[in-house]
1. Only one residue in Ser83, Ser78, Ser103, Ser90 is farther than 28 Å from Ser178 by Cβ, exposed (fewer than 13 other Cβ atoms within 10 Å of the Cβ) and of a type outside the set (A, V, I, L, M, F, W, C), so which one is that?
2. Determine, yes or no, whether Ser103 is part of a helix (DSSP H, G or I), more than 16 Å from the ligand (Cβ to nearest atom) and polar (S, T, N, Q).
3. Report, by residue number, each residue of segment 64-75 that is in a loop (DSSP other than H, G, I, E, B) and either more than 8 Å from the ligand (Cβ to nearest atom) or surrounded by fewer than 16 Cβ atoms within 10 Å (Cβ to Cβ) (or both).
4. Out of all the residues in segment 79-100, which are within 10 Å of the ligand (Cβ to nearest atom), in contact (Cβ under 8 Å) with a residue 60 or more places away in the chain and hydrophobic (A, V, I, L, M, F, W, C)?
5. When Lys136 is evaluated against the numbered criteria (1) loosely packed, with under 15 Cβ neighbours inside 10 Å; (2) of a type in the set (Lys, Arg); (3) away from the ligand (no atom under 16 Å from the Cβ), which criterion, by number, is the only one it fails?
6. State whether one or more residues within segment 88-107 are charged (D, E, K, R), closer than 25 Å to Phe38 by Cα and under 17 Å from the mean Cα position of the chain (by Cα).
7. If you check Val134 against the conditions, is it farther than 20 Å from Trp32 by Cβ, assigned to a helix (DSSP H, G or I), touching a residue at least 12 places away in the same chain (Cβ under 8 Å) and not hydroxyl-bearing (Ser, Thr, Tyr)?
8. Search segment 63-78 for residues that are closer than 18 Å to Lys152 by Cβ and pair each with any residue that is part of a loop (DSSP other than H, G, I, E, B) and more than 13 Å from the ligand (Cβ to nearest atom) when their beta-carbon atoms are under 7 Å apart and the residues are at least 6 apart or on different chains.
Amino acid sequence: MRPEVHQLLSSGVATASTIWDSIRERRPKVPWQKLLWFPLHIPKYSLITWMAFLDKLPTKVRLQRMGVTNDTICVLCSTEPESRDHLFLSCPIVASLWESIFSFSGLNFAACSWDEFLTQARNNWKQKSLFSLVMKLALNTLVYFLWEERNKRLFQGRSRTIEDLLKAIKDVVSVHLSGRTFNRFLVVNINLCNHWNIADH
Ligand SMILES: [Zn+2]
């Protein structure tokens, strides 16, 4: 196994902050970085999302290109090859998660390419609104939990249902944003609080 792959595969959650410390000074400026590094971001989630966005996570398609494996089948849908774009966006299982996340925020999720998704996210989630914060937090949490879920299925033979994953994502957003200061009289914020279960305190 190539050193890069080995390093990525052997880097558990416990060492995420160490890895982050080692790269934060020399991380390249990328157009989507504000989707990952924002006030209230969760460092270990943003780190995995950063690696996913750079296509540095050892997805099966990447490992196949490196000659490490012949198995490329996605462990979530068991149909399509597990590429970065598939695992975090276009897999039917993942698309259903995105549909729920968008609907909690009063939006419709439309299937699109990775680049289109990033462009829309950058354009629509750039304000300092509760909405932008919720969506960025949901994005980073979804990527982190999906990567964790993929690894559990692959290496431990354990799996959670999609409903469990959705609840886990919702819980992170809820716990992280409850009690925060924002305009609680805006209708859009009231709806977000209701759907995402964000409490006053
Ligand atoms: Zn899939």
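Throughout, read-outs are computed from the coordinates displayed, never taken from laboratory work. Predicted model only: the values in this text are computed from it and were never measured. Neighbour counts run over all protein chains shown; Cβ positions are idealised from the backbone, glycine included.
1. That would be Ser78, the only listed residue that is farther than 28 Å from Ser178 by Cβ, exposed (fewer than 13 other Cβ atoms within 10 Å of the Cβ) and of a type outside the set (A, V, I, L, M, F, W, C).
2. Working: part of a helix (DSSP H, G or I): yes; more than 16 Å from the ligand (Cβ to nearest atom): yes; polar (S, T, N, Q): yes.
Criteria met by Ser103.
3. Selection gives Met66, Gly67, Val68, Thr69, Asn70, Asp71, Thr72.
4. Within segment 79-100, Leu87, Ile93 qualify.
5. (1) is the only condition that Lys136 fails.
6. If we filter segment 88-107 for residues that are charged (D, E, K, R), which is where we start, we get 99.
Those left that are additionally closer than 25 Å to Phe38 by Cα: 99.
Narrowing the set further to residues that are under 17 Å from the mean Cα position of the chain (by Cα) leaves 99.
For segment 88-107, residues charged (D, E, K, R), closer than 25 Å to Phe38 by Cα and under 17 Å from the mean Cα position of the chain (by Cα): present.
7. On the way: farther than 20 Å from Trp32 by Cβ: no; assigned to a helix (DSSP H, G or I): yes; touching a residue at least 12 places away in the same chain (Cβ under 8 Å): yes; not hydroxyl-bearing (Ser, Thr, Tyr): yes.
Spelling it out, it is not the case that Val134 is farther than 20 Å from Trp32 by Cβ, assigned to a helix (DSSP H, G or I), touching a residue at least 12 places away in the same chain (Cβ under 8 Å) and not hydroxyl-bearing (Ser, Thr, Tyr).
8. Leu63/Thr69
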